[in-house]
Amino acid sequence: MSKNLLLMGLPGAGKGTQAENIVEKYGIPHISTGDIFRAAMKEKTPMGVKAQQYIDKGELVPDDVTCGIVEERLKQADTKNGYLLDGFPRTLEQAKQLEIMGEKLDKKLDAVINIDVDPDILVARLSGRFICKSCGATYHKLYKQPKVEGTCDNCGGHAFYQRSDDEPETVKNRLKVNLEMNTPLVDFYSKLNLLHTVAGDQNITDVTKDINKILTNLD
Ligand code: AP5
Ligand code: MG
Ligand code: ZN
């Protein structure tokens, strides 16, 4: 059975962290709109230059740009056995567009996993995050340190960076913008009977265990 999945949650909820396990388990591609925008920003493509204006302020990139990117991505052959969306949809309009894409491409969502967290803990999550420059693996100065200090577990790299949108002022706006949209999206997927919620304020391993339980029940 195909696995067409969506991982949703506020900034810092742990979408990227948990996505690693899910995509490995099923051999499906991880489609993070944030990662796609950051790659385009690095390459300075026209789309990247446009997206950066919004991302640097902690605003959402307009729906038409974001939906276009996802539709193109879902058309690629590697989504044949499923996909894991991370951070898309983030507005009701995007959710409606995704339903239309799903119909059209015969790739409708099978399940939505919502990582639910108290917004108060998210500033600490984001301010402590650091990322490997060569492979993109994500760490945290308190909650997920590399096994050998200064060396990436995944690729052995030694250079790390912090995301420019993890500055405290930008984080505040990201949280505000995403909080506004979160409840309507949760309601949307709850009405479609697709929603599964996990408690995201546990440690990383326990969140993974809860997600695995949900996935097992879907098999
Ligand atoms: P995006 O890159 O998706 O950012 P985000 O939603 O703000 O989420 P993050 O990636 O910051 O958090 P995460 O949930 O992945 O957490 P992580 O696993 O890293 O989007 C960036 C921007 O792009 C948006 O602001 C917007 O401008 C634009 N954009 C993207 N999609 C869009 C869309 N659909 N529409 C419009 N605009 C869009 O974990 C965070 C930290 O916590 C890490 O250090 C990690 O090690 C640690 N951690 C994780 N889990 C735990 C745990 N259980 N306990 C303790 N620490 C943990
Ligand atoms: Mg992420
Ligand atoms: Zn690495």
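Measuring nothing but alpha carbons in the chain and taking Rh as the Kirkwood radius, the Rg to Rh ratio lands at 0.93. For segment 78-86, 3J(HN,Hα) computed residue by residue from phi via the Karplus equation (6.51, -1.76, 1.60; θ = phi - 60°) reads 6, 8, 4, 9, x, 7, 10, 7, 10 Hz, glycine and proline entered as x. The length gained by stretching the chain between N81 and C155 to full extension, at 0.36 nm per residue less their Cα-Cα distance, is 23.9 nm. With Cα atoms defining each centre, segment 141-185 and segment 1-63 are spaced 13 Å apart in the structure. Note on D56 and S164: the extension gain reaches 38.2 nm, defined as 0.36 nm multiplied by sequence separation minus the Cα-Cα distance. Rounded to 0.05, the FRET efficiency of the L92 and E71 pair, given R0 = 22 Å and the Cβ-Cβ distance, is 0.80.
Mean separation of Cα pairs under 8 Å and 6 or more residues apart, divided by the residue count, gives the chain a relative contact order of 29 percent. Annotation: cysteines of the chain without a disulfide-compatible partner (Cβ-Cβ under 4.7 angstrom) are C67. Neighbour counts of C-beta atoms inside 10 Å place I69, I113 in the sequence I69, I113, starting with the fewest. Annotation: the residues M1, M181, sorted from fewest to most other C-beta atoms within 10 Å of their own C-beta, follow the order M1, M181.
Restricting the trypsin sites (Lys or Arg not before Pro) of segment 1-46 to loop positions (DSSP other than H, G, I, E, B) with no more than 15 neighbouring Cβ atoms within 10 Å leaves K44. Comparing A19, M101, A124 along the charge dipole axis of the chain, the residue lying farthest to the positive side is A19, per the Cβ-charge model. Spread over its residues, the convex hull of the C-alpha atoms of segment 17-146 is 137 Å³ per residue.
Split the chain at each of the GluC sites (Glu not before Pro) in a DSSP loop with at most 15 other beta carbon atoms within 10 Å, and the longest piece is 60-148. Footprinting exposure proxy ranking of D63, D86, D106, D56, fewest other C-beta atoms within 10 angstrom first, gives D106, D56, D63, D86.
Excluding same-chain neighbours fewer than eight residues apart, the lysines reachable from K57 by a Cα-Cα span under 24 Å are K15, K42, K44, K133, K172, K176.
A straight chain from E43 to D64 at 0.36 nm per residue would run longer than the Cα-Cα distance by 5.5 nm. For S2, neighbours were defined as the other residues whose beta-carbon sits under 13 Å from its Cβ, and their charges (Lys and Arg +1, Asp and Glu -1) total 0.
Values quoted throughout were computed directly from the atomic coordinates according to the rules given, and no laboratory measurement underlies them. Note that this is a predicted model, so its numbers are computed, not measured. Using ideal geometry, Cβ is built from the backbone for each residue, glycine included, and neighbour counts are taken over all protein chains shown.
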